[in-house]
Structures are given as structure tokens and as C-alpha cells.
Amino acid sequence: MPNVAVIGAQWGDEGKGKVVDWLASRAEIVVRFQGGHNAGHTLVVGNETYKLSLLPSGVVRGKLGVIGNGVVLDPQALLAEIARVTAQGLSVGPDNLRIAENVPLILPLHPALDRAREAARGERKIGTTGRGIGPAYEDKVARRAIRLCDLAEPETLSAKLDELLLHHNTLLQGLGAETFTKDALLAELLDLAPRLLPFAEPVWERLDIARASGARILFEGAQAVMLDVDHGTYPFVTSSNTVAATAASGAGIGPSAIGTVLGIAKAYTTRVGSGPFPTELDDATGQLLGDRGREFGTVTGRRRRCGWFDAVMVRQAVKVGGIEGLALTKLDVLDGLPELKVCVGYRLGERTVKHLPAAAGAQAAVTPVYETMEGWSGSTRGARSWAELPAQAIKYVRRIEELVEAPVVLLSTSPERDDTILMKDPFAG
Ligand code: IMP
């Protein structure tokens, strides 16, 4: 049985939660490999709604959850999330959650810097989640991050905090923000150590053993390809690589172990935060998509920007993300619209281009070239078989497959887990 990696194919919030939950029920291990508590999954199981940010979705299904080294981990956020789901009746402990000992930590100075910088950017702000994700990744690459394993070595921790504070306090002071003292940070981390260290281990070893034994591993991506720090709408992106290849380096497993790569895309497009969005709708249709799709960020609560399906962008995400099959979600939100538009190219000055340009100016300047399709009057909501779909809805899905050059292997027709049409089992390779 091969493994499966799931990644977002647009700007995030594609409904990964439901798909990952379904796949998690069929896997033995669920691994987070990038991002942090900027991500947000809503899982509806029976009467309970779980809002997960950091915990791999598998913990809800009694599976082993692994947080890989590619994640940036906020210890307070993790403990708060564990407390929250424990209050909902789940049990999360070192027996069902393992964390890479080399995972970099988010400290309180990271969100402080994130927010101070966003405030300083003013009009040009990125619209980050303000959770310190970017500054934490910067520290990792700059080789000054505090990692989980450092909590077991108070002397190492103390010396590393000196270096970290020299850097951060200088910056924070320059931005007119409050600075941090070493004693307080050291005391906080040493206090957290006994609660966090029992989760720490070389997870690569566990994953290697699991792989050799044929266990099914699900790699759960956060954010999405168009928010990838290399391939996304830079600089309006997150600070990690969100493409499937990251599952290997972010978990400590070879690329051949990633298995089938499933991309999640909404049947239309949404985005939170700032940055280019060629198919954005500022009109009543955009409003309608947002209302019907309940487009509010899980983490930020901000209303998402909405627009037509952008096949140029998703095709690009398919190529750079390594997506082999698409799960198309929220088709039901388009029910009853008389006419649908799909972006099939961009106009850039006199030229038509078939990809999103890399330069920020060009990204902001492109305008969509649309193909118009007839809508459907029937309902797709809750459909569980291809035969239950209106003919025009099938046409819409087929056209998307053609344009993005990837098959739709799964169709989600409501937030309910069972309202899914499965064309091909991703675990079957
Ligand atoms: P950061 O990841 O907090 O640095 O935010 C950078 C950009 O990524 C902002 O536009 C955020 O709104 C966006 N972003 C981060 N996490 C998510 C997510 O889980 N879903 C959608 N957008 C996200």
C-alpha cells in the first residue's frame, strides 16, 4: 500500500479537513510536515466539531499523529489545543502524538515581531496570521532557532537565548515594540520542558520502521501551493514550502515514501490575506459564494475573498506541487448559478499568458481570460454518486480536469464526511 500526501492547490482553506479526516481513518500514521498553528482544519465528527491547528488530524480518529521537523511549533499553542480537544473527550498524550526532537519552536517574541512588522508595512502588509510563523522560520534558517531538544539542555538553551535576544530585541526596539528578557523566557521554557519532552523523539526512525512494515502513512499538508514561499504569490505567501516534496524533508523520510499526491481544490477560489487574486469577484456573486460557502478563516475569523475557479493557477499548482489527483470540494456552493466562469488564461498587457508570472508587478497586473459555462438548476448537495449529479455539473468537473491536467479523484458535496464521491482510492496508488 503506498502512502498519500495531501496538499492545498489554491490559497488554502480548500476543505482539506474533511478529506484528510476521511483518509486518516484509513491510515495508521498522520504526519504534519510544514507550517504551524497558522493552519486551521475543522473536523465534524458526529455532534462534535474539532478545530485543529497543530495536531495532525489523525488524533481525532485514534491514529498516531506525528509533528515533523518541518513544522514550527508553538508550545503554548500546542498545549492549549491539547487541552481543548481533551475537554471534548479526546485523549492526546505521548502514546498517540510524537514530535520531532529537532522541530524549531515559536517563542513569544516571534508573534511580537510578526505583528510589529505587519504594522510597519501599513498598506503593504502581507496579512499574516500574526502567529510568528515567518520569524520562526527565519530563525531556523539563520541557525539561531531554539529547538525542542534544546529544552533538555538548560546550558545550551541559555546560550542560544542570548544570541536570539541580541537579534530580536534589536529589531523589536527598532520597530518601537516591547523587548523580551532572557530570564523570563528561560524560566518559561524550563517550565514547559517536562510537559513537552515526553513527546520528543527522532520521528524519522519511527517513520522508517513504519514504512518498512507497510504501515499506511498520510502526510497532511497545511496552507497551499499558491502560498508556497518559492512557488506562490511571493511575497504574499507563508514562510514554508507547501508543495508535496516538502513532506520528505519535513518529516525525515525519502521522497519515494511520499506516495500518491492528492491536491485539494475548491470548485471556486478563495483567499485570505493580501496579495494578487486575478479572478476575485467584488460583486454580488462574490458575496454569494462567501455567504453560501461560509467563507470565514478558521484561524483568523477574517472573511475570505472569493472568485471564480482559476484553472491556470490550479494547473500550475498541479505541476509544481506534484499533484496526481484532485479532490474537488464545495461544488454545491455553485448550485443554481445560471452561469459559471473559469479562468483559462491571463491577459498581461498585449500578451496572453498561460501561467502566473513570478514578478509581483506582473502578478498584480494580470487580468483573467474567462470561458463561460452554463450552470445547473438541480442540486449537487449531498450527492454520493456520479449519477446523482446534474449533467451540467459533470461537464463542469470534466472541463476542470481537462484544463488543470489532472483527474478529479474525489468530489466533496457537503461538509458531511460521507457526502463524497470517490472515483479512485488514493491509497490504492
Ligand atoms: P503566515 O503564514 O501567518 O505568515 O501568513 C502568510 C499568508 O498565508 C497570509 O496571507 C495568511 O493569510 C496565509 N495563510 C497562512 N495560513 C493559512 C491557512 O491555513 N489558510 C489560508 N491562508 C493561510
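Figures for the structure shown
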read-out	value
Length-normalised contact order for the chain - Cα pairs under 8 Å, 6+ apart - percent	20
Cβ-Cβ FRET estimate between GLU138 and GLU374, R0 fixed at 45 Å, reported to 0.05	0.40
Farthest toward positive dipole pole in segment 142-200 [+1 Lys/Arg, -1 Asp/Glu at C-beta], among ALA184, ALA142, ALA152	ALA142
Surface accessible to a 1.4 Å probe, per residue, for the residues of segment 310-429, Å²	44
Selected from ALA116, ALA393, ALA359 as most flexible by GNM, with the chain as the system and alpha-carbon contacts under 10 Å	ALA359
For LEU97, residues with placed amide H under 5 Å, excluding near neighbours	GLY65
Residue among GLY322, ILE133, ALA112 farthest towards the positive dipole end of the chain, charges placed on Cβ	GLY322
Nitroxide proxy distance, nm - points 7 Å out along Cα→Cβ at THR170 and GLU153	2.4
Carbon plus sulfur fraction of accessible area for segment 266-428, probe 1.4 Å, in percent	50
Accessible-area composition of segment 109-196, carbon plus sulfur, in percent [1.4 Å probe]	51
Percent RCO, i.e. relative contact order, over segment 109-196, from Cα pairs under 8 Å lying at least 6 residues apart	30
Dipole-positive endmost among LEU43, GLY301, THR367 within the chain (Cβ charges, Cα centre)	THR367
Estimated 222 nm signal from helices in the chain, with DSSP H stretches of n ≥ 4 weighted -39500 (n - 2.57), rounded to 500	-9500 deg cm²/dmol
Within a Gaussian network of the chain (alpha carbon springs, distance under 10 Å), most fluctuating of GLY130, GLY361, GLY382	GLY361
Ranked by how many other beta carbons lie within 10 Å on average, peptides 77-85, 409-417 from highest	409-417, 77-85
Given charges at beta-carbon only (K, R positive; D, E negative), |dipole| of the chain in Debye	540
Alpha-carbon centroids, segment 334-373 and segment 1-54: separation in whole Å	29
Cα→Cβ-extended label distance, 7 Å offset, between ARG347 and GLN76, nm	5.0
List CYS149, CYS343, ordered by accessible area with a 1.4 Å probe, largest first	CYS149, CYS343
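The values are calculated or read from the model by the stated rules, or taken from the named source; none is laboratory data. Everything numeric in this text was worked out from a predicted model, so none of it was measured. A quick note on method: Cβ atoms are made from the backbone with ideal geometry, for glycine too, and the neighbour counts reach across all protein chains shown. SASA here: full protein model, heavy atoms, side chains in, ligands and nucleic acids out. Shrake-Rupley method; radii C 1.70, N 1.55, O 1.52, S 1.80 Å.
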